[in-house]
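What follows is a short report on a single structure.
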């Protein structure tokens, strides 16, 4: 993974009230991130609640500041309605901090739809990007992650959206994971070029066109069963399809780990075998651990926004902050803007 720069000015605005375990786990994760040094964190939320949590830790010398707001958006609220009804909500305040130059990135484990809405309204879309995309960084059999996008920011995509997702996903994997030429694939119902519905087939042609200009390393189609193999670095799909694939992946991982745990404790002989194989099981669990990768990037807006899982604990929050900082260091929005502009010219010429 790419190393953060030594620029001490980088600051991350953190939604303290986002997630199932806020504010306790969010503040704990912020303290962990701040202790690793070279990062400033702006804790956005109700100041009394934040100070109550901070009092549990030794925060002396840590670059932690508070931006007070009482307005919070719940996980089950309608994103657009909630963001517009409460303009001083924690997410919109985070976006404003970026817009004002007080923060370089933001992170939240809250309502993902509200993050998208607040980012589009507060930061705006990159020129030439009609719809942003959320990307999930998934663990794979190789031990290296794969970025799946879109996972729900846009559920009725057009072919040019998917072509832009290919560019944006490639830029993210280059900047965050130091992959020189990320392998980009299109999710379809078969590996052959002619597979897929009209959307996938049209997107395939557009991605081929920008790949011919050297803008992405397009390797063709992959099927759903290929997602966990780790043979490609970026997998592009419509947001509806991506969200279903993501939830299926999460469900299967939990089922697998749960089934192993149940069988181990089912009788004394299995328990003994479990002790012998404990190291191997821990390695499997580590491979399936998505908390290591720090959340889902929102790509296509004029700023850095990272969205964590609603169930995130302190370790996941810490890594989410780290990734937000790295994305700010890499100037990802600017790189994406350059790629989108160049791709627009390439497809027009084609």
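The values are calculated or read from the model by the stated rules, or taken from the named source; none is laboratory data. Keep in mind that what you see is a predicted model, and the values were worked out from it rather than measured. Here Cβ is always computed from backbone atoms with ideal geometry, including for glycine, and neighbour counts include all displayed protein chains.
Observations
- Complete set of residues in segment 152-178 that are outside any helix (DSSP H, G or I) and surrounded by fewer than 19 Cβ atoms within 10 Å (Cβ to Cβ): 155, 156, 158, 178
- Residue that is nearest to residue 139 (Cα to Cα) [pool: residues in segment 216-236 that are assigned to a strand (DSSP E or B) and free of Cβ contacts under 8 Å to residues at least 40 places away in the same chain]: 222
- Each residue in segment 305-330 was checked for being in contact with a helix residue (DSSP H, G or I) (Cβ under 7 Å, 6 or more places away or on another chain) and within 19 Å of residue 122 (Cβ to Cβ), and 5 pass.
- When we screen 338, 292 for residues that are assigned to a helix (DSSP H, G or I), at negative phi, surrounded by fewer than 18 Cβ atoms within 10 Å (Cβ to Cβ) and at pLDDT 85 or above, the only hit is 338.
- Qualifying residue in segment 262-284 (condition: in the same structural domain as residue 169 (by TED's automatic domain parsing), touching a residue at least 24 places away in the same chain (Cβ under 8 Å), out of contact with any strand residue (DSSP E or B) (no Cβ under 9 Å at 6 or more places or on another chain) and crowded, with 16+ Cβ neighbours inside 10 Å): no
- Among residues of segment 190-206, those that are on the phi < 0 side of the Ramachandran plot and either crowded, with 18+ Cβ neighbours inside 10 Å or not in a loop (DSSP other than H, G, I, E, B) (or both), counted: 9
- Within the option set 250, 263, being under 15 Å from the mean Cα position of the chain (by Cα) and in a helix (DSSP H, G or I) holds for one residue only, 250.
- Members of segment 152-169 that are out of contact with any helix residue (DSSP H, G or I) (no Cβ under 7 Å at 6 or more places or on another chain) and within 14 Å of residue 206 (Cβ to Cβ): 158, 161, 165
- When the test is whether a residue is more than 21 Å from the chain's Cα centre (by Cα), within 30 Å of residue 328 (Cβ to Cβ) and not in a loop (DSSP other than H, G, I, E, B), residue 209 does not pass it.
- Only a single criterion out of (1) part of a helix (DSSP H, G or I); (2) surrounded by fewer than 21 Cβ atoms within 10 Å (Cβ to Cβ) is not satisfied by residue 140, namely (1).
- Test: residue in segment 32-49 that is crowded, with 18+ Cβ neighbours inside 10 Å, within 18 Å of the chain's Cα centre (by Cα) and not assigned by TED's automatic domain parsing to the domain that holds residue 173: yes
- Within segment 293-303, the set of residues being under 24 Å from residue 74 (Cβ atoms) and either touching a helix residue (DSSP H, G or I) at 6+ places or on another chain (Cβ under 7 Å) or free of Cβ contacts under 8 Å to residues at least 60 places away in the same chain (or both) comprises 294, 295, 297, 298, 301, 303.
- Filter result for the condition that a residue is assigned by TED's automatic domain parsing to the domain that holds residue 332, surrounded by 24 or more Cβ atoms within 10 Å (Cβ to Cβ) and in a strand (DSSP E or B), over 107, 114, 118: 107
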